[in-house]
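One structure is given here, and the rest of the page talks about it.
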Amino acid sequence: MSLSNAGARPTFIAMMIELGYDDLTIADFIRMRRAGVTAHYTSNVHDLGYTDVTPEQLIRMRQIGLSTSLIERLQRERGSDVGLDEIIRYRISNQ
């Protein structure tokens, strides 16, 4: 199976490496793409201050439908230092 067939196009991998995910395996990139993680979503999460988000967190965030607009809303309501794990818990308990 080619990378493109698995959803992990070279442009996705290059953009994710540019975002700091340079120590991942090809399998990691494929897993992220299959979960719906995009470089655009990842970049938006970074722009909101979560630059150390792990691939596992990104996958979980996409699986539960966590939007960047919800992150922004919770930052307004709870302060910009609200933790990502707290946001994930909020989304899970309010589905």
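Every read-out reported here was derived from the displayed coordinates using simple, explicitly stated rules and does not represent laboratory data. Note that the coordinates shown come from a computational prediction; the quantities given were computed from them, not determined experimentally.
The phi-based Karplus calculation (6.51 cos²θ - 1.76 cosθ + 1.60; θ = phi - 60°) puts the 3J(HN,Hα) values of the stretch 86-93 at 5, 5, 4, 4, 4, 4, 5, 7 Hz, whole numbers, x for Gly and Pro. Based on the alpha-carbon gyration tensor of the stretch 13-62 and its eigenvalue square roots a ≥ b ≥ c, which shape applies: rounded if a/c is under 1.5, prolate if not and a/b is larger than b/c, or oblate? Oblate. If you run the Gaussian network model on the chain, springs between alpha carbon atoms under 10 Å, then out of Arg60, Arg78, Arg34 the most flexible one is Arg78.
Taken over the alpha carbons of the stretch 10-93 as equal point scatterers, the Debye sum produces base-10 log I(q)/I(0) values at 0.13, 0.15, 0.22, 0.27 Å⁻¹ of -0.39, -0.51, -1.03, -1.44.
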